[in-house]
Structures are given as structure tokens and as C-alpha cells.
Amino acid sequence: MAFDAQEKGAELGATFKQHSTSIILGAAVGLFSGGFWGLIFGGVVGFLISRALRGMVKALNPQEAFFKATFSVMGRVAKADGRVTENEIQFARNVMIQMRLDEARKKQAIDYFTQGKEPDLDLAKLVKPLGIMLRHRPNVKLMFVEIQLQAAMADGEVSPEELQVIEEVCQLLDFGADNVEEVIARVKAQRDFYQHGQAGVDSAVLLKDAYAILGVEETASDAEVKKAYRRQMSQHHPDKLVSKGLPEEMIELAKEKSQEIQAAYERIKTSRKE
């Protein structure tokens, strides 16, 4: 690739602007202690310290860790059974669209997805720190697992290889493998509820999907249904999730989940009035 002086100049200018305060402070200290060469040395030291601190803050940011792990694990799940399908790629694209990412952020997400497909990706190094950050935020962990299950279902059902990756992720997140089957059933019901609704499937089928979304039997009492609904809404409330570490870019995904839960509950309530 040919050297683009204008592009490199713009990158250099953006870097200086990002770290300008630290560079100027370092240069000032260097100037007073070592003259011209002290100024140069101090500016360089200021830049290096600033960059290191920004990197540490970014690494310890649960929202940034969630974003990176989301697309990296998505890539690993897609590649788990040996071949990344067009449906799996399209699912990743749809998530980016829902998140309304700008071009820079979209490129970052694509890079993470690509890295996730590499056989040498260290899942533990990627996911375990996120699990520590989200130790007391089970609902954010749940959202993460649900996104990965949706990715696995993009080409139909969850394959044994995909399930193995997701179970490993749950273990690293300290999410609880016992909950995986329950979450799979609910995510599948949400997918079916949407697809059946779009296809105009019989209302009895949609009602069955609605109960599965709330995780209750059709014989459940009104009180039990309402309790399940409130629990699901509390777990997927967008504002609560963002305040607990979900990237703000993913708020639309959380809203969509809440809308599906609301629609399922309304269908059940309507059927019980008939």
C-alpha cells in the first residue's frame, strides 16, 4: 500500500490532540528541568504515560470489555462447527445495524469477529476478566449469553460444537451451566414467536411460544404468569442493564428483548380473557 502523507498527518494530529494535555505538561516539566532536550523528553514521557493510562482505563471498562467479548465470542461460536455460514455473518451485521455503530466502531466489531474465528483465540483471557467485572451483575451476563445463543441459532439450531463454546463461556463468566438449557429454550421461543408472527401462523402456536418466552406452563395461574413477566422485564430493562455495564450502543437490543416479553405477556392476557 502506498504511503499517504495526508492520512498519516491526520492520524498524527488526532493522536496529539487525544494526548495533548499530558504531552504539554510533560514538556513543560522537562523544559524547566532540562532545557530543550528536557522539553522533548518530557513530552515523549507525557505521551507514553497518557497512552498507558488510557489503555488501562479502557481495559477495566466493563462496557468496552463487553463489546469486545460480544463480537469475538460471536466469531468463535460461528466458527465452532468448522464453517461460518452467511446467516451467521448476517446476524453479526444485523447486531451492528441495531447498535447503530459508526464506521470506526463497525470496523472494530468486524475485527473482533474476525479475531474470534482464529484457532489461537484465548477465550479465558477474553471472557474471564469480563466475568470478574460483572460478578454482581447477573442480568448483564444473561444478556451476553442470550446474544451468543441467538448467534448460534442464526443457521437453525445450536450445534453440539456451538453449545460447547457457549458452556465454556458460561463457566468463565461464572454464569451457571445449569441455566443454559433454560435460556436456550427461552431464546428459541423468542425466535419462534417473532418468525411465527411474521408468517401469520395459527394463534395457538403463538400462544405456546408466548408461554415459553415467560418460562411458565399454560396451566400457570394468572399470578404466576404476572410474576414471571415482571421477573423477565426486570432482567431485561434497558436502563438497568446499561447502568450495570451493558454498552449504551446495545440499548436497542435490550429494548427489543423487552418488547418481545411485553408482546408475549399481552398475548397471554388476551387469551385468558376470551
Residue within region 178-193 that is within 18 Å of the chain's Cα centre (by Cα) and more than 21 Å from Ser258 (Cα to Cα) present = no
(1) at pLDDT below 90; (2) surrounded by fewer than 21 Cβ atoms within 10 Å (Cβ to Cβ): which one isn't true of Leu134, the others all being true?
-> (2)
For region 118-167, how many residues meet the condition of being closer than 22 Å to Gln63 by Cα, in a loop (DSSP other than H, G, I, E, B) and in contact (Cβ under 8 Å) with a residue 24 or more places away in the chain?
-> 4
Hey, can you tell me all the residues within region 73-90 that are part of a helix (DSSP H, G or I), more than 16 Å from the chain's Cα centre (by Cα) and closer than 15 Å to Ser159 by Cβ?
-> Lys79, Asn87
List every residue pair whose Cβ atoms sit under 9 Å apart, with the two residues 6 or more apart in sequence or on different chains, where the first one lies in region 215-238 and is closer than 15 Å to Lys255 by Cβ and hydroxyl-bearing (Ser, Thr, Tyr) and the second, anywhere, is modelled with pLDDT under 95 and not in a loop (DSSP other than H, G, I, E, B).
-> Ser234/Asn139; Ser234/Lys240
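The values are calculated or read from the model by the stated rules, or taken from the named source; none is laboratory data. Not measured: the values here are computed from a predicted model. Glycine also receives a Cβ, built like all others from the backbone with ideal geometry; neighbour counts cover every protein chain displayed.
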